[in-house]
Structures are given as structure tokens and as C-alpha cells.
Amino acid sequence: MRRARTSLRSIGSGTLSSALRYLLTFAMLSGAWVWLYKLNAMAFDWLAISWHASAIFLPAALRILYPLAFGARGIAALVFAGYIVIPQYASDPLHRLALAALSGLAPVAGIAASNRIMYFSPDLSNLTGRHILLISTACALSNAVFLNAYLWLAGSELPSFAHIGMVFLGDVSGAAIVFFGLSLILNLKIKARFQP
Amino acid sequence: MSAKHPGSEHIKILYLMSALRSLAPMRKLSADEAWLLDALVLRWHEHEELTVSDVMSSGEFGSQTTSYRRLISLRDKGFINLTVCSEDRRVKIVEPSEHARMYIRELENGITSLAQGSNKLA
């Protein structure tokens, strides 16, 4: 009996810590996205032509990293974080939810398409820099197309190519800035370790 | 390791970081640097103690200035260490770094698996 109680307790505490770890990661991922969104708004607001189209959009990099590294949890964090930042631009909750869902799900289409063009394994063991570039482009394209298509279906004017192009450019340039920045930091960190 | 294994996210992040690191051009060796590194690998394999002066005066790797510049570039990219000789502090010895040892091991593993593959085919 005592052994059963102990094992139940250990299962309970294991499940609890696993759930806490899940929630903590989820919160950190969402928080990072919101922080980067606000940083982008502060730094590059002058490059925006509308609230969802800017020449540089840094959080686009996280739209790629989160689904790749964290799967469903990453996508959920994107949707949640998108829902948090959107309110200032859309008062209708259903509209906000739809936009947030697009923010999280459009990259999934981009990643799936990239996988068809240039296969990478589910555990990312054969992922290269070229894959990252391809995925960035595909996700930017899927986001630009799906977002503008939704806005048009939701009652906005027919999106111009300039507007679609700006969303695409913003995602590509934002992801490029973040990825090359991370690449430099990682390389300098390795270099520092090897200095005699 | 299944996709639901808790360690798999960690592994994915490591692979992602490796792919991101390869984006920056600074890791890549130029063809001349790669050639110099291969020549150094051969000398180390023969257990020869190699000094910076030996490399510069060999003439195989361009002028003295060019050879020195390539050695420094290999050092900056983490492939070699230049250690001061204990007997003569003016002399610097060219030694492989951990990075170079990994590179040599990768080469050995690659050649071994190639040989095994060709044996199976035969």
C-alpha cells in the first residue's frame, strides 16, 4: 500500500513538473515573440505601410524557429502571442483570433512546402543553412499570401501586389537579420572558446 | 529517439543552431586555407614538430607573408594553436586545436565508411 502511494505521488509530481515545464516554455516562447514584436515596432515603425505590412519584421524569424524546434507548442505560442499583440489593431475578437491563428499556421504551410522541395528529417539532423534560407522564403510567401487573402475575404479591399510584396519583404528581411545575427553570435562564441 | 521524447527538443535546437552557424561566411575556409590545413594534418600525422618559420620558409603555401596570413586565419577560425616553444621563446609551434582534431576524426570516419561501403558493393 505504502509502495503504491509512493509511486502514485511520484507519478503525480512527475506529471506536475512536466506540466509546469510545458507552461514555462510556452510562456517564454510567447514572451519572446511579444518582446521582439514590440522591439520591431519601436525600431522599424517608420518602415511600415500598414499595421501588418512593414519592410522589416523581426518576429518572422520566430515563426520559423518555433514550429521547427518546438512543434505544436511552438505554434500554439505563436497563436497566443499574436492574439496578445493584435488587439490594438482589431476590436472584433473573432477577427483577432483568425489573424492570430494565421500568424501561427501560415508558417506550417511554408515549412511543409520547403520539406517537399528540399527534404529535412523531423529531428532536423540534416538541416543546413540552405534549408533555413528556403524555409524563410517559403514562410514569408505563405504568410503574405494567406494574410492578404484573409483580409480580402474579411472585407478589405483587394490587396495590391505592393502590399503583398511588402509583407513578403518584411518577413524575409526580418528573418535574415535575426538569423545572420544569431549566426554571427554563435560563431563568435565558438571562436572565443578556441582562442589560445 | 521519438519525437515525443523530452530530449528531442534539445537535440532539434542544437541542430538548428548548427544550421544557423553555417549561415555566416566566417566559418568557411578558403581553398588555400583548406589546402594549408590538409598539409599541416599530414605533417602532424608524421609527428613532425612544425614551427611557424617552417611553414613560412617552405615556399609551398605562397610567399612568407601569405603563409603567415593563412596561419593566422586558421588560428582565428579555431583550427590551430600557435604555442610558444619552451626552449626558445622566439619560436612558435603550430599545433592542432580540438576543432582540427574533430576535423581529422570526421575525415577518418568518412574515409572508413567509404571503404566499408565500397567493400559491401564489391
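Assorted remarks:
- Residue within segment A:148-155 that is within 15 Å of the chain's Cα centre (by Cα) and in contact (Cβ under 8 Å) with a residue 12 or more places away in the chain present: no
- Members of segment B:30-57 found to be in contact with a strand residue (DSSP E or B) (Cβ under 9 Å, 6 or more places away or on another chain) and either assigned to a helix (DSSP H, G or I) or loosely packed, with under 11 Cβ neighbours inside 10 Å (or both), listed by number: B:LEU37, B:LEU40, B:VAL41, B:ARG43, B:TRP44, B:VAL52, B:SER53, B:ASP54, B:VAL55
- Considering (1) free of Cβ contacts under 8 Å to residues at least 12 places away in the same chain; (2) touching a strand residue (DSSP E or B) at 6+ places or on another chain (Cβ under 7 Å), the lone condition that A:THR128 does not fulfil carries the number (2).
- Out of A:ALA176, A:ALA77, one residue alone is at negative phi, open to solvent by less than 20 Å² (accessible area, probe 1.4 Å), in contact with a helix residue (DSSP H, G or I) (Cβ under 8 Å, 6 or more places away or on another chain) and within 14 Å of chain B (Cβ to nearest Cβ). It is A:ALA77.
- Set A:ALA113, A:ALA98, A:ALA69, A:ALA109: member being over 10 Å from the mean Cα position of the chain (by Cα) and within 14 Å of chain B (Cβ to nearest Cβ): A:ALA69
- Against the test of being without any contact (Cβ under 8 Å) to a residue 60 or more places away in the chain, closer than 21 Å to B:ALA19 by Cα and of a type in the set (A, V, I, L, M, F, W, C), the options A:LEU141, A:LEU158, A:LEU102, A:LEU133 yield a single qualifying residue, A:LEU133.
- Selection of first residues in segment B:58-79 that are within 14 Å of another protein chain (Cβ to nearest Cβ) and of second residues that are assigned to a loop (DSSP other than H, G, I, E, B), restricted to Cβ pairs under 6 Å at least 6 apart or on distinct chains, gives the following pairs, ordered by first then second residue: B:GLY78/B:SER97; B:PHE79/B:SER97.
- Residues that are within 14 Å of another protein chain (Cβ to nearest Cβ) and either surrounded by fewer than 16 Cβ atoms within 10 Å (Cβ to Cβ) or without any contact (Cβ under 8 Å) to a residue 40 or more places away in the chain (or both), drawn from segment B:96-106: B:SER97, B:GLU98, B:HIS99, B:ARG101, B:MET102
The values are calculated or read from the model by the stated rules, or taken from the named source; none is laboratory data. Only a predicted model underlies this, so the values are computations on that prediction, with no experimental measurement involved. Counting neighbours? That spans all protein chains shown, and the Cβs are built from the backbone with ideal geometry, glycine included. Remember, those area values only see protein heavy atoms, side chains included, never the ligands or the DNA or RNA. Shrake-Rupley method; radii C 1.70, N 1.55, O 1.52, S 1.80 Å.
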